[in-house]
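Notes to accompany the following structure.
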Amino acid sequence: MYNASMKITNVEKHTEHTVLELLDAASSLNRRLDCVLSNSRGISFSEYRLLSTLSKAGKGGIPRIDLANAVGLTASAVTRALKPLEKLGYVRTDRNERDARQSLAVITPAGLKLLEDAQGVLEDTLRELPLNTLSPQKITEFQNRLSEIRRI
């Protein structure tokens, strides 16, 4: 586990290459998931992530700023991304009269249906990933390393 008190004075020669490979792999996977979801369900992977997060928030919804933090976007990017989903009836906004920043984004029944359909498509695509051939121990190690990177 990463410990801030562990000072590393030199960067290993492989570090930059490894970081670039990780970012390339993430970008490639994101493009693949975008393509599959867009072609089959008409939504991007980012929109899928928004719907998935909203579904976990329950009927009360979630403030847009919390939604932004959960999916790694800015609040304004979330607002822009939710507009088409609202127009299509997959999401609604419950406005806070006193503070617009605290307006809640809520998934609708149509949004839940779309999410359910998209999850099946996503699962079919994820089955093809080489991650599925790793042992549970290797998966746990990989996830732990990704968590360490996220905390930096």
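Just so it is clear, none of the values below were taken in a lab; they were calculated from the coordinates. None of these values were measured; they are calculated from a predicted model. Cβ: placed from backbone, ideal geometry, glycine included. Neighbour counts: every protein chain shown.
Identify the trypsin sites (Lys or Arg not before Pro) of region 75-140 meeting these criteria: DSSP loop state and at most 12 other C-beta atoms within 10 Å of the C-beta. Can you show the working numbers first?
Details: sites: Arg80, Lys87, Arg92, Arg95, Arg98, Arg101, Lys113, Arg127, Lys138; in loops: Arg95, Arg98, Arg127.
Within region 75-140, the qualifying trypsin sites (Lys or Arg not before Pro) (loop, at most 12 other Cβ atoms within 10 Å) are Arg95, Arg98, Arg127.
Which one, (1) 21, 19, 13; (2) 32, 22, 14; (3) 31, 17, 16, gives semi-axes √(5λ) of the Cα gyration tensor in Å as derived from the coordinates shown?
Computed from the coordinates, semi-axes √(5λ) of the Cα gyration tensor in Å corresponds to (2).
What angle do you read, to the nearest 10 degrees and between 0 and 90, between the alpha-carbon axis of helix 109-126 and the longest principal axis of the chain?
Long axis of 109-126 versus the principal axis of the chain: about 20 degrees.
By how many degrees, 0 to 90 and rounded to 10, does the Cα axis of helix 75-87 deviate from the longest principal axis of the chain?
50
Report the residue, chosen from Val19, Val91, Val78, that carries the largest GNM mean-square fluctuation when the chain is represented by alpha-carbon nodes joined by springs under 10 Å.
Val19
Pick from Asn39, Asn69, Asn132: which is most flexible by mean-square fluctuation in a GNM of the chain where alpha carbon atoms under 10 Å apart are linked?
Sorting by GNM fluctuation, first place goes to Asn132.
In region 30-59, what trypsin sites (Lys or Arg not before Pro) fall in a loop by DSSP, with at most 12 other Cβ atoms inside 10 Å? Before the final figure, lay out the partial values.
On the way: sites: Arg31, Arg32, Arg41, Arg49, Lys56, Lys59; in loops: Lys59.
Sites meeting the loop and neighbour criteria: Lys59.
Calculated from DSSP H runs of 4 or more alone, at -39500 (n - 2.57) each and per residue, what is the 222 nm mean residue ellipticity of the chain, nearest 500?
Numbers: 6 runs with 96 residues, N = 152.
Mean residue ellipticity, 222 nm, calculated: -21000 deg cm²/dmol.
Under a 10 Å cutoff between Cα atoms, tell me which one of Ile107, Ile43, Ile139 has the largest fluctuation in the Gaussian network model of the chain.
It is Ile139.
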